[in-house]
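J.: Let me begin by handing over the structure; questions about it come next.
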Amino acid sequence: MNNKINGIISVLEQIYPNVQCGLHWQEDPYRLLIMAILSAQCTDARVNIVSKSLFKQFPTPADMANAPLGDIENAIRSVGLYRSKARALKECCQRLTTVYGGVIPDQMKELLTLRGVGRKVANLLLGDIYGLGGIVADTHCIRICGRLGFTEGKDPLKTERVMSKLIPLEKQSDFCHRIVIFGREVCTARSPKCKECPIKIYCDYGTDL
């Protein structure tokens, strides 16, 4: 199993050597937090567009925390589930400012106390902000790890736990970013490009196609 995952990691590193998060957070932890919450059931491209004006209106957690809910809703109206996300952003920033002084926590337990932050978002924050690793078990990760034979089912927590044991901590964040790109370009949900897949020798799903 170690040889298999190491081989996959190596190939993905060669294909996507300079990988980064699809959210344009400009190395600002507050921005990544907000954008990650907005990205639920929404494309990174849409979040990147909306965020340009959003952060001009609310450049700090305190600005977001103190803003009228309606103003936040209007700023993110083109994002799916904008009403519930607006409440999440406001409540998240209220706790972030009052409890943590506007600084994104570096512990999973504390991150999960912020409204709108689940394990997927928390792992993204821990990995990209603090370099602490973390498996971001999004739809691409769950689908591809299942096809590769590492996991079964669609439970994100199970996928996170299995892959956390297989992938070295220092490689986890970049692996997840690479999997997202790979999932969009090659191992798509429908009609995956199995014949031209660079990691097909490791794959359980594509061997019979």
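J.: Give me the Kirkwood hydrodynamic radius of the chain in Å, from all C-alpha pairs, to one decimal place?
T.: After inverting the pairwise mean of 1/r, the radius is 17.9 Å.
J.: What does the C-alpha gyration tensor say about the overall shape of the stretch 29-130? Classify as rounded when a/c is under 1.5, otherwise prolate if a/b is larger than b/c, or oblate. Working shown, then result.
T.: On the way: a/c = 1.68, a/b = 1.25, b/c = 1.34.
Judged from the Cα gyration tensor, the stretch 29-130 comes out oblate (a/c at least 1.5, b/c at or above a/b).
J.: Further, regarding this structure: Which cross-chain or sequence-distant (5 or more) residues have an amide H under 5 Å from the amide H of VAL79, H modelled 1.01 Å from N in plane?
T.: Result for VAL79 returns nothing.
J.: Something else now. In square nanometres, what is one fourth of the surface area of the convex hull spanned by the alpha carbons of the stretch 110-192? Write out the running numbers ahead of the final one.
T.: Values: hull surface 22.1 nm².
Quarter of the Cα hull surface area: 5.5 nm².
J.: For LYS200, go through the lysines and keep the ones whose alpha-carbon is under 20 Å away, minus same-chain ones fewer than eight residues off.
T.: Of all the lysines, those that pass the test against LYS200 - Cα under 20 Å, at least 8 places apart if same chain - are LYS4.
J.: Related question: For the stretch 1-74, rounded, prolate or oblate, judged on the Cα gyration tensor with a ≥ b ≥ c (square roots of eigenvalues), a/c < 1.5 rounded, else prolate if a/b > b/c?
T.: prolate
J.: Taking amide H atoms as placed 1.01 Å from N in the peptide plane, list the residues 5 or more away in sequence, or in a different chain, whose amide H sits under 5 Å from that of GLY102.
T.: THR97
J.: In what sequence, highest mean first, do 115-128, 160-173 appear when ranked by Cβ atoms within 10 angstrom?
T.: Numbers: 115-128: 21.6, 160-173: 17.0.
Those peptides, ordered most packed to least, come out 115-128, 160-173.
J.: Given the DSSP H assignment, sum -39500 (n - 2.57) over each helix run of at least 4 residues in the chain and divide by its residue total; what's the result at 222 nm in deg cm²/dmol, nearest 500? Walk me through the numbers on the way to the answer.
T.: Working: 11 runs with 123 residues, N = 209.
Result for the chain, helices only: -18000 deg cm²/dmol.
J.: What is the stretch 29-130's relative contact order, in percent, from Cα pairs under 8 angstrom and six or more apart in sequence?
T.: Normalised by residue count, the contact order of the stretch 29-130 is 29 percent.
J.: If you don't mind, there's one more thing I want to ask. Say we join alpha carbon atoms closer than 10 Å with springs in a Gaussian network model of the chain; which of ARG46, ARG87, ARG190 then has the biggest fluctuation?
T.: Result: ARG190 has the largest fluctuation of those listed.
Every number in this text was worked out from the coordinates using simple rules, so none of it is lab data. Everything quoted here is computed from the prediction, not taken from an experiment. For neighbour counting, all protein chains shown are included, and Cβ atoms are generated from backbone atoms with ideal geometry for every residue, glycine included.
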